[in-house]
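Trainee: One structure, as structure tokens, below. Some questions next.
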Amino acid sequence: MTASSPLLEQGAALQRVATGAVWAEGPVWLPQRRCVRFSDIHSNRIVEFSEETGDLTVFDDDAEFTNGRTLDLDGNVVECSHGRRALQRDTAVRPGEGPAPHTLVDRFGDVRLNSPNDVVVKSDGTIWFSDPSYGIMRPEEGHAGEEEYGDRYVFRFDPSNGSIVPVVMDVEAPNGLAFSPDERTLYVTDSSASPASGEVDPDRPAGHAIHAYDVYGGRHAKNGRVFTEVSPGLPDGIRVDEHGNVWSSSLDAVQVFAPSGERILRIAVPEKIGNLCFGGDDGRTLYIAATSSLYRIRTTTRDAIHVAREAAVA
């Protein structure tokens, strides 16, 4: 199934390019450094894989349990910190620069966020991020704490005025996020089948679906529905390509779904997958962060983010 897919280059094969992590997560391609930066959450560090040299180096060995990340409109890294319970920006994206994170937002009203997990930047510059409770409920992923606002939301943060508002409130454990190419649909993964505390509350759902929402006025998420359920395992990180296909992590494969929700591709991976991103000089290399390792495979498509931002500039 993999070899014959039009979404993959002819003869494309999965390669393991780096290993040595405990739980690999949050990959992003940095074009100026020509590398993939990703987290080894349980080891509390950020590492970088150089596409040019093939080396894996430590970028930050005291990273406060960062998780998902993406690039903002200026090419800086926007990332989620379990340890700081914050959304933060790191401007160290050029060769030779060291860690330079600073907090963008860490509170919702008068209370702290839970543990921001994954993030996407819309073409208008607003930052949408998920806030489940893994970093305050799992000692290996952050610091013990309480759900101070009493739930787990997806928020929209506007750095131009500092406003933060919940946009999705009906997903039990919101995790991975991605927009469709026209930004009219927001996809949100639910990882509540793996509860943060390790205990299942019979009064709350335990799901493993990707949800879809219509985006109105560029700022409101409405009409939530199940886009598809992901098995085996559950969906964690996701990406959407320029054709609107949703690329999702799962227990044993990257699963790709057409905009209709039909699964159209399965790329087997020998480890449980945390997250993925498109990268490489042409944007067509899929990088996969899976448990202890970073994998890659060549595709024929790019991330939808490129399409949305090119349209916004035009």
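Trainee: Do any strands (runs of 3 or more DSSP E) lying entirely in the range 207-314 carry at least 2 residues that are out of contact with any Phe, Trp or Tyr (no Cβ under 6 Å at 6 or more places or on another chain) and over 20 Å from F129 (Cβ atoms), and which ones are they? I'd like the intermediate steps shown before the answer.
Mentor: Numbers: elements: 209-216, 220-229, 238-240, 246-248, 253-257, 263-268, 275-279, 285-290, 293-298.
Filter on the range 207-314 gives 220-229, 253-257, 263-268, 285-290, 293-298.
Trainee: Would you point out the residue of the range 59-103, among those that are assigned to a loop (DSSP other than H, G, I, E, B) and of a type in the set (G, A, S), that is nearest to D124 (Cα to Cα)? Even if it seems obvious, please write down each step before you answer.
Mentor: Residues of the range 59-103 assigned to a loop (DSSP other than H, G, I, E, B): 61-65, 72-76, 82-85, 91-100.
This time we only want the ones that are of a type in the set (G, A, S), so: 63, 75, 83, 92, 96, 98, 100.
Details: A63: 28, G75: 14, G83: 28, A92: 22, G96: 30, G98: 28, A100: 24 Å.
The residue in question is G75.
Trainee: Can you name the residue in the range 143-189 that is in a strand (DSSP E or B) and farther than 15 Å from D131 by Cα and, of all such residues, is farthest from the chain's Cα centre (by Cα)?
Mentor: Keep residues of the range 143-189 that are in a strand (DSSP E or B), which gives 153-158, 163-168, 174-179, 185-189.
Then keep just the ones that are farther than 15 Å from D131 by Cα; that gives 158, 163, 179, 185-186.
Working: D158: 19, S163: 22, F179: 12, T185: 16, L186: 13 Å.
So the residue we want is S163.
Trainee: Additional query: Across the range 82-100, what is the total count of residues that are touching a strand residue (DSSP E or B) at 6+ places or on another chain (Cβ under 7 Å) and over 18 Å from G162 (Cβ atoms)?
Mentor: 5
Trainee: Can I ask one more? Name the single residue, out of those in the range 28-58 being among the small types (G, A, S) and in a strand (DSSP E or B), that is farthest from G142 (Cα to Cα). It would help to see each step written out before you state the result.
Mentor: Residues of the range 28-58 among the small types (G, A, S): 39, 43, 50, 54.
Those still in the list that are in a strand (DSSP E or B) too: 39, 50.
Numbers: S39: 13, S50: 27 Å.
The selected residue is S50.
Trainee: So which residues in the range 216-249 are surrounded by fewer than 21 Cβ atoms within 10 Å (Cβ to Cβ), under 20 Å from V121 (Cβ atoms) and free of Cβ contacts under 8 Å to residues at least 40 places away in the same chain?
Mentor: Scanning the range 216-249 gives Y216, G217.
Trainee: Could you check how many residues of the range 263-292 are within 13 Å of F49 (Cβ to Cβ) and out of contact with any Asp or Glu (no Cβ under 6 Å at 6 or more places or on another chain)?
Mentor: Of the residues in that region, 6 qualify.
Trainee: A further question follows. Go over the candidates S133, S115 one by one and state the one that is closer than 26 Å to E183 by Cα, in contact (Cβ under 8 Å) with a residue 24 or more places away in the chain and either surrounded by fewer than 18 Cβ atoms within 10 Å (Cβ to Cβ) or of a type in the set (S, T, N, Q) (or both). Before you say what the answer is, go through the steps one by one.
Mentor: Working: S133 fails: closer than 26 Å to E183 by Cα.
Criteria check complete, one pass: S115.
Each reported figure results from applying straightforward, stated rules to the coordinates on display, with no laboratory input. Keep in mind the model is a prediction, meaning the values are calculated, not measured. All Cβ positions, even for glycine, are placed from backbone atoms using ideal geometry, and neighbour counts span all protein chains on display.
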